[in-house]
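Q: Below are the structure tokens for one structure; questions will follow.
Each reported figure results from applying straightforward, stated rules to the coordinates on display, with no laboratory input. Bear in mind the structure is a predicted one, so any value in this text is a computation, not a measurement. Heads up, the Cβs are rebuilt from the backbone with ideal geometry, glycines too, and the neighbour counts pull from every protein chain shown.
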Amino acid sequence: MAKTELEAAIMALGLQEVLPEKVRPSLELRKYAPGEALCAMGEEIPRFSILTQGRCRVVTLSGEGRQVMVGALRPPEMNGDIELLHGCPALHSVYAETTVTAISIPRNVFLGVMMEQLPFVQLLCRGFAAKLCDTSSKHSADLLYPLKSRLARHILSYQN
């Protein structure tokens, strides 16, 4: 994909300071077709991604082998941050629901140069805080409502 498209995506999200010029040659703007996996549960994550367009669903497998949706990603949300920093395989599978475009940072660049960039680390911290608040809120709400209400809310989340 042309570097001008990558630069346009960086500008559109206001990430000029977060993604400095010196790392941009190693960045890539990747496109995913609906249904295509950004990462698969249990596999190594090769890249950190910042969504610029589209929507993804985050799923995990139940003990019975059924897929359970645990969340959704929309721009400018990130994928791969927790796993790359913790050094663990993908905690969930992430699939494109629509055509998805994402800024991709290779693992070695993410763990090397990017960890020395304060604006990038601040972006990660804001992302972690948002994920923590979202997860805490969802779990708290789940405890307040009966199963039928939770199922209805889950079904409605697919229509947004």
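Q: Thr98 - would you say it is assigned to a strand (DSSP E or B) and in contact with a strand residue (DSSP E or B) (Cβ under 9 Å, 6 or more places away or on another chain)? Talk me through it step by step, then tell me what you get.
A: Numbers: assigned to a strand (DSSP E or B): no; in contact with a strand residue (DSSP E or B) (Cβ under 9 Å, 6 or more places away or on another chain): yes.
No: the conditions fail for Thr98.
Q: Going by what's in this entry, would Ala102 be described as hydrophobic (A, V, I, L, M, F, W, C) and more than 19 Å from Ala8 (Cα to Cα)? Break it down into steps so the answer makes sense when it comes.
A: Details: hydrophobic (A, V, I, L, M, F, W, C): yes; more than 19 Å from Ala8 (Cα to Cα): no.
Judged against the criteria, Ala102 is not a match.
Q: A further question follows. So is Met69 surrounded by 18 or more Cβ atoms within 10 Å (Cβ to Cβ) and either in contact with a helix residue (DSSP H, G or I) (Cβ under 8 Å, 6 or more places away or on another chain) or within 28 Å of Ile155 (Cα to Cα) (or both) or not? Outline the logic, then answer.
A: Values: surrounded by 18 or more Cβ atoms within 10 Å (Cβ to Cβ): no; either in contact with a helix residue (DSSP H, G or I) (Cβ under 8 Å, 6 or more places away or on another chain) or within 28 Å of Ile155 (Cα to Cα) (or both): yes.
Taking the combined requirement at face value, the residue does not satisfy it.
Q: Here is a further query. Return the total of residues in the range 73-126 being of a type in the set (Gly, Ala, Ser) and touching a helix residue (DSSP H, G or I) at 6+ places or on another chain (Cβ under 7 Å). Quick ask: steps written out before the conclusion?
A: Pass one, the range 73-126, residues of a type in the set (Gly, Ala, Ser): 80, 87, 90, 93, 96, 102, 104, 112.
When the remaining residues are screened for being touching a helix residue (DSSP H, G or I) at 6+ places or on another chain (Cβ under 7 Å), the result is 90.
Qualifying residue count for the region: 1.
Q: Just to verify a result, which residue in the range 14-46, among those that are among the basic types (Lys, Arg) and under 29 Å from Arg66 (Cα atoms), is surrounded by the fewest Cβ atoms within 10 Å (Cβ to Cβ)? Walk me through it before giving the result.
A: Here is the first cut: in the range 14-46, the ones among the basic types (Lys, Arg) are 22, 24, 30-31.
Now drop any that are not under 29 Å from Arg66 (Cα atoms), which leaves 30-31.
Working: Arg30: 17, Lys31: 15.
Checking each candidate, the answer is Lys31.
Q: Condition test on Ser93, is it polar (S, T, N, Q), in contact with a Gly (Cβ under 9 Å, 6 or more places away or on another chain) and either more than 24 Å from Met11 (Cα to Cα) or surrounded by fewer than 13 Cβ atoms within 10 Å (Cβ to Cβ) (or both)? Walk me through it before giving the result.
A: Values: polar (S, T, N, Q): yes; in contact with a Gly (Cβ under 9 Å, 6 or more places away or on another chain): yes; either more than 24 Å from Met11 (Cα to Cα) or surrounded by fewer than 13 Cβ atoms within 10 Å (Cβ to Cβ) (or both): yes.
Answer is yes for this residue.
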